[in-house]
Amino acid sequence: MFSVQRIMTLQPTRGLYLYLETLRVAFDDSIVTDDEAQILHILAQALGVAPSDTAECRSVVEGDLPSPFEEGSEFEGHQMGDATTYQSALIAALDDDIISEDEWAMLDHLRRIIGLQENEHALIEEAIRAMSEVDEQGHRRIERLERFLTVCPY
């Protein structure tokens, strides 16, 4: 009988690091709900993780494959562009028709992973509110933002 060895093809990037860390939160209870799957899909898009890489990421989180990141990786901590990445993920989640506590918890975890500062979050909120005046989905986005801020206050 031949042994099949799986070769990891994941290339370490900041987006992949953030996605994997968020995916770990979804798998903490060994159950990924439909709502969690939806926000993971949104995050993968916002973070630039290819759909073909998400299954491999799951194998990493489940321990079947080694992580492409070493302890003390250059991708850890707050980095330039994180606020924009978080803003993109937040807007995508706000524009999604399904909003759940699980989604908010995962976004809150992403906010913590990247070390988003309170003043940065305030600027992101302000930008979302300003966009709402010219965006056809703006009113609904603001309602959902208010709910997020109630569920996950900074």
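The values are calculated or read from the model by the stated rules, or taken from the named source; none is laboratory data. Every value quoted in this text rests on a predicted model; they were computed, and no experiment measured them. Ideal geometry is used to build each Cβ from the backbone, glycine not excepted, and the neighbour counts take in all protein chains shown.
Annotations for the structure displayed:
- Test: residue in region 93-100 that is part of a helix (DSSP H, G or I), on the phi < 0 side of the Ramachandran plot, surrounded by 19 or more Cβ atoms within 10 Å (Cβ to Cβ) and touching a residue at least 12 places away in the same chain (Cβ under 8 Å): yes
- Verdict on residue 50 being of a type outside the set (Asp, Glu), under 14 Å from the mean Cα position of the chain (by Cα) and surrounded by fewer than 18 Cβ atoms within 10 Å (Cβ to Cβ): yes
- Residue among 108, 28, 64 that alone is assigned to a helix (DSSP H, G or I), out of contact with any strand residue (DSSP E or B) (no Cβ under 7 Å at 6 or more places or on another chain) and not β-branched (Val, Ile, Thr): 108
- Some residue of region 37-47 being among the aliphatic types (A, V, I, L, M), surrounded by fewer than 16 Cβ atoms within 10 Å (Cβ to Cβ) and part of a helix (DSSP H, G or I): yes
- Test: residue 128 is modelled with pLDDT of 85 or more and more than 25 Å from residue 13 (Cα to Cα): yes
- Taken over region 115-126, residues that are assigned to a helix (DSSP H, G or I) and loosely packed, with under 15 Cβ neighbours inside 10 Å amount to 5.
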